[in-house]
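The values are calculated or read from the model by the stated rules, or taken from the named source; none is laboratory data. This structure is a prediction, so every number in the text was calculated from the model and none was measured. Cβ coordinates were reconstructed from backbone atoms using ideal geometry, including for glycine residues, and neighbour counts include every protein chain displayed. Just the protein is used for accessible areas: all its heavy atoms, side chains included, with ligands, DNA and RNA removed. Shrake-Rupley method; radii C 1.70, N 1.55, O 1.52, S 1.80 Å.
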Amino acid sequence: MENNGFRVLALTFMMLAALVGTAHGADRIYWTSLGDGKVYWANLDGSGGMQELNASGTSLAADDSSNGGAIDPVQQRFYWANYEESKIHWAKLDGSGGGDLATGSATVVAPGGVSVDPVARRVYWANVNDVISYANLDGSGGGDLSTPGASSDGVTATTVFPAAGRIYWTNYGFISGWLSSARTDGSGGEQISIVGVTPDTPYGIAIDAAAGKLYWADVNPERISVANLDGSQAVAIDKRGLEMKAPYGIALDPEEGKVYAANVAGDNLTFLRTDGSGGATVPVALPKNNAPNMPVVYKEPRATSAPKLDARAPLTPKFKKKGRRKAPSPLPKLIGSSLTCAGGSFAPDLVEARLYRAPVTISRVVTRDGEQISTVTSTVKPEGGPQPVPMAISPPIASKPGNYRCQETATNAAGSTVQTTAPVAIFKTGKLKLNKAKGTAKLTVELPAEKGSLKLAAKGFEGVSKEASGKAIVLVKPKGARKAKLADKGKLKAVVKLTYTPPDGAAATLRKRLTLRQP
């Protein structure tokens, strides 16, 4: 009879995860106010109403005007321009307050149109004298960006494109306006030649890097247009009657196909579908003269690949040779296996689109039949770097039968997204109780607590199929030639196959060696 130490098997150590689980929280939109200088945010679904970001610690005054802001996803800060005081402020997204950024020798004259490069660790803004300036996010000062070849006149809003090493901006102009771009290393730039639509008082720009498109808002025609990055094939997006009163700035969600606008004259926020099928007003009420501008979209983490659970069995002793024949190797011993959760992946921030969604923390736990059995493993995005840093712990052990899963939770300021893998089933056999009079046996099987399908199959034996959990009894009964052989010899050696299938996972199997006896 097989030793109990070798009687456990899970069919798959590495398994595909279930679909993305639930998300807790709500996607947000942030904006700055020309009316009172404050920063506000609201859930895109309108729940909770308008919220004010705590700016305590800054020098913001009651009668100031704010003109444009952006998020640093590394430090989880919102940076914005104070038009009246000619300062750059910041505040923590968690509402714990903020401060004023040291700008060094950089020009700060009625600034606006802020964007943040989280890779180079800089914040950029436009000045009323058409100079584009920057400051280092560590407070070590800044300077003015050299943009030879890129014409500037009435610079209104910037957006930085870190992957391309460029910054784009809109020029309000005196008559029509235009779009410009420059390299962030100060080696120059150019005016973008727009073909198909003539920009008219443009204010706000966003980029779809994957599609190679740029979007901008025109204030006076109250429209949003799109073109290739080189300016070709420009078209105005069909609004289908959507009213946008003086859109000052946009934010793009390319995957949902929506471009959001802050309407400074309408005191509201709207979105327009990029396929030209119209749009709607974001269902949150803004007070009169709030004058919203330069929106930023902040979303819950979006999973792009699922985690996986790996069960690594401990080493088993080798069989000794018996005469000329070598006994078959034992089946994997999975009770006692170490369980490792390999994390999934999540969509990155799209800084150039003014869309943020990357997780700030990621935590993972291993569960058995729904109960946590491991210490939480966390990765936390540090203040000084863009990537989460893993915190290593010893892997948990599969100490008993169960359905084991890995649960991964990704969190940012907007909420949490949870992914749970499908189960890795681990079970084992127990005692074998012989009925010598009938030539049968009852086999005890120790299963996970969740009810699943248990089957017994072997050539020359009657099959068994039933729903079971916990301790189950399976009747082992030979038939046909095997039954006759047992009656003739009084002894029958056999191997039966047991399969357990959890309700939402892959089947696990084991083979049980046994000996039946009959007088």
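Tabulated data for the structure shown
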read-out: Residue that is open to solvent by less than 10 Å² (accessible area, probe 1.4 Å) and more than 25 Å from K299 (Cβ to Cβ), where the choices are I71, I167, I132; value: I132
read-out: Residue check, V424 open to solvent by less than 10 Å² (accessible area, probe 1.4 Å) and either of a type in the set (S, T, N, Q) or under 29 Å from A398 (Cα atoms) (or both); value: yes
read-out: Residues satisfying the stated conditions in region 28-44, i.e. in a strand (DSSP E or B) and of a type outside the set (V, I, T); value: R28, Y30, W31, S33, Y40, W41, A42, N43
read-out: Residue within region 98-114 that is charged (D, E, K, R) and crowded, with 20+ Cβ neighbours inside 10 Å present; value: no
read-out: Whichever residue in region 399-421 is surrounded by fewer than 24 Cβ atoms within 10 Å (Cβ to Cβ) and over 22 Å from the mean Cα position of the chain (by Cα) and, among such residues, is nearest to T361 (Cα to Cα); value: S399
read-out: Which listed residue is at pLDDT below 90 and either within 22 Å of Y356 (Cα to Cα) or crowded, with 17+ Cβ neighbours inside 10 Å (or both), from F78, F6; value: F6
read-out: Verdict on L60 being crowded, with 22+ Cβ neighbours inside 10 Å, aliphatic (A, V, I, L, M) and out of contact with any Gly (no Cβ under 9 Å at 6 or more places or on another chain); value: no
read-out: Residue that is farthest from T409 (Cα to Cα), among those in region 347-373 that are buried (at least 21 other Cβ atoms within 10 Å of the Cβ) and of a type in the set (A, V, I, L, M, F, W, C); value: A353
read-out: Given (1) in a loop (DSSP other than H, G, I, E, B); (2) at pLDDT 85 or above; (3) closer than 30 Å to R511 by Cβ, index of the condition K333 fails; value: (2)
read-out: Qualifying strands (runs of 3 or more DSSP E) (wholly inside region 182-298; at least 1 residues being under 18 Å from A42 (Cα atoms) and not charged (D, E, K, R)); value: 247-253, 258-263, 268-273, 279-281, 292-298
read-out: Meets criteria (closer than 28 Å to K400 by Cβ and under 49 Å from the mean Cα position of the chain (by Cα)) for T515; value: no
